[in-house]
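**Student:** Sending over a structure as structure tokens; questions will come in a sec.
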């Protein structure tokens, strides 16, 4: 049995790599990340034309109709380049619509998300920072047949760039056991009472922000009919798999940068790569990458197949990737010596991406606990 990528997927990878090498090298990434927006509208337009934004959107709504495994191919390469765009955020918002939206909602939003004229994101987390339904305390107030949302969502990826927010909340006035059903609303940036802004973060290529909801009116037509705790789990799974896929490429780029430096840098008349104190960490970095890479690929396949073990597979991949990528980022900086800590050198960029990725959609501890729970422990 062949477990490798298809010829079409490898062609997709080579085309993505070619575009990024020619248009968004790390020098350009630094410039883009240092702008107030944190991403380039021109680059966004170009990757939309290349079909990246609509990769997992059905053809009937302007997308390519491909799956998560194909998306992983793209994300590995964007991660390798530390590409600063809302690609993951917008695709996840589109996925929420694909899974749970009505035909009218899909017709209204999916073509615009595929074209890049609308940028979407998920607004799930609150003060509890919990990635399951227990962390949702935002409640809808009934108002003349519609609903009103009053509160805030935190750690919203690409909040300042987004035009459309998929917001999780609870329907009902509140019960003692907090069992009111979980729902999802489509909230536009231009609605009255909506405010969104980025907040300072460790990684300028990945922006996080706050979404304020001050009496925002939501009609029943703007609530995803297929929402619920099950949708929340699917979105967390998809998000965790996506950032883990980006971590593959970023970790491989950090390893390549460090290995290249180990060959060029000499000490005591020899390249430092000949010393065991350098060779062994590099070998361990490689083993870690190959290990969580396999877990991510399997998780993506499970998501495509809606496999019963999809959540378990995702948590295994995200837990390992969160820990391994953080170690790789630290080792990359340390093996460069003093130069690795400088702003001018690229090693620190990968460490910052590792620090950003670690808590996104659940840190290692959260996913290890989930693995134990799903495994029946």
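**Student:** So is residue 277 part of a helix (DSSP H, G or I) and surrounded by fewer than 17 Cβ atoms within 10 Å (Cβ to Cβ) or not? Please lay out each step first, then the result.
**Tutor:** On the way: part of a helix (DSSP H, G or I): yes; surrounded by fewer than 17 Cβ atoms within 10 Å (Cβ to Cβ): yes.
When the stated conditions are applied, residue 277 passes them.
**Student:** On to the next question. Name, by its number, the condition in (1) at pLDDT below 95; (2) over 25 Å from residue 207 (Cβ atoms); (3) crowded, with 17+ Cβ neighbours inside 10 Å that does not hold for residue 371.
**Tutor:** With (1) at pLDDT below 95; (2) over 25 Å from residue 207 (Cβ atoms); (3) crowded, with 17+ Cβ neighbours inside 10 Å applied to residue 371, the lone miss is (1).
**Student:** State whether one or more residues within the stretch 89-102 are closer than 21 Å to residue 238 by Cβ and over 20 Å from the mean Cα position of the chain (by Cα).
**Tutor:** Residues of the stretch 89-102 closer than 21 Å to residue 238 by Cβ: 89-102.
Filter once more, keeping what is over 20 Å from the mean Cα position of the chain (by Cα): 101-102.
Yes; the residues of the stretch 89-102 include at least one that is closer than 21 Å to residue 238 by Cβ and over 20 Å from the mean Cα position of the chain (by Cα).
**Student:** Step by step: first the residues of the stretch 91-114, then only those that are closer than 18 Å to residue 43 by Cα and out of contact with any helix residue (DSSP H, G or I) (no Cβ under 6 Å at 6 or more places or on another chain), then the one that is surrounded by the fewest Cβ atoms within 10 Å (Cβ to Cβ). Which residue is that? Step through it out loud before you land on a result.
**Tutor:** If we filter the stretch 91-114 for residues that are closer than 18 Å to residue 43 by Cα, which is where we start, we get 91, 112-114.
Checking the rest, the ones that are also out of contact with any helix residue (DSSP H, G or I) (no Cβ under 6 Å at 6 or more places or on another chain) come to 91, 112, 114.
On the way: 91: 28, 112: 18, 114: 26.
Checking each candidate, the answer is 112.
**Student:** Within the stretch 27-37, count every residue that is surrounded by fewer than 16 Cβ atoms within 10 Å (Cβ to Cβ), assigned to a helix (DSSP H, G or I) and within 22 Å of the chain's Cα centre (by Cα).
**Tutor:** So the count comes out to 1.
**Student:** Checking the structure you have, find out if any residue of the stretch 322-336 is closer than 22 Å to residue 27 by Cα, assigned to a loop (DSSP other than H, G, I, E, B) and outside the structural domain of residue 128 (by TED's automatic domain parsing).
**Tutor:** Yes, there is a match, as at least one residue in the stretch 322-336 is closer than 22 Å to residue 27 by Cα, assigned to a loop (DSSP other than H, G, I, E, B) and outside the structural domain of residue 128 (by TED's automatic domain parsing).
**Student:** So is residue 233 surrounded by fewer than 22 Cβ atoms within 10 Å (Cβ to Cβ), assigned by TED's automatic domain parsing to the domain that holds residue 361 and touching a helix residue (DSSP H, G or I) at 6+ places or on another chain (Cβ under 8 Å) or not?
**Tutor:** Values: surrounded by fewer than 22 Cβ atoms within 10 Å (Cβ to Cβ): yes; assigned by TED's automatic domain parsing to the domain that holds residue 361: yes; touching a helix residue (DSSP H, G or I) at 6+ places or on another chain (Cβ under 8 Å): yes.
So residue 233 passes the test.
**Student:** Which condition breaks for residue 213 when tested against (1) modelled with pLDDT of 95 or more; (2) part of a loop (DSSP other than H, G, I, E, B); (3) over 19 Å from residue 131 (Cβ atoms)?
**Tutor:** Among (1) modelled with pLDDT of 95 or more; (2) part of a loop (DSSP other than H, G, I, E, B); (3) over 19 Å from residue 131 (Cβ atoms), the lone unmet condition for residue 213 is (2).
**Student:** In the list 83, 66, 12, which residue meets the criterion of being part of a helix (DSSP H, G or I) and modelled with pLDDT of 95 or more? Show your work before the answer.
**Tutor:** Numbers: 83 fails: part of a helix (DSSP H, G or I); 66 fails: part of a helix (DSSP H, G or I).
Among 83, 66, 12, only 12 is part of a helix (DSSP H, G or I) and modelled with pLDDT of 95 or more.
**Student:** Please work out if residue 344 is farther than 30 Å from residue 65 by Cα and either within 20 Å of the chain's Cα centre (by Cα) or assigned to a helix (DSSP H, G or I) (or both). Show your work before the answer.
**Tutor:** Numbers: farther than 30 Å from residue 65 by Cα: yes; either within 20 Å of the chain's Cα centre (by Cα) or assigned to a helix (DSSP H, G or I) (or both): no.
No, not satisfied.
The values are calculated or read from the model by the stated rules, or taken from the named source; none is laboratory data. From a predicted model like this one, the values you see are computed outputs, not experimental measurements. All Cβ positions, even for glycine, are placed from backbone atoms using ideal geometry, and neighbour counts span all protein chains on display.
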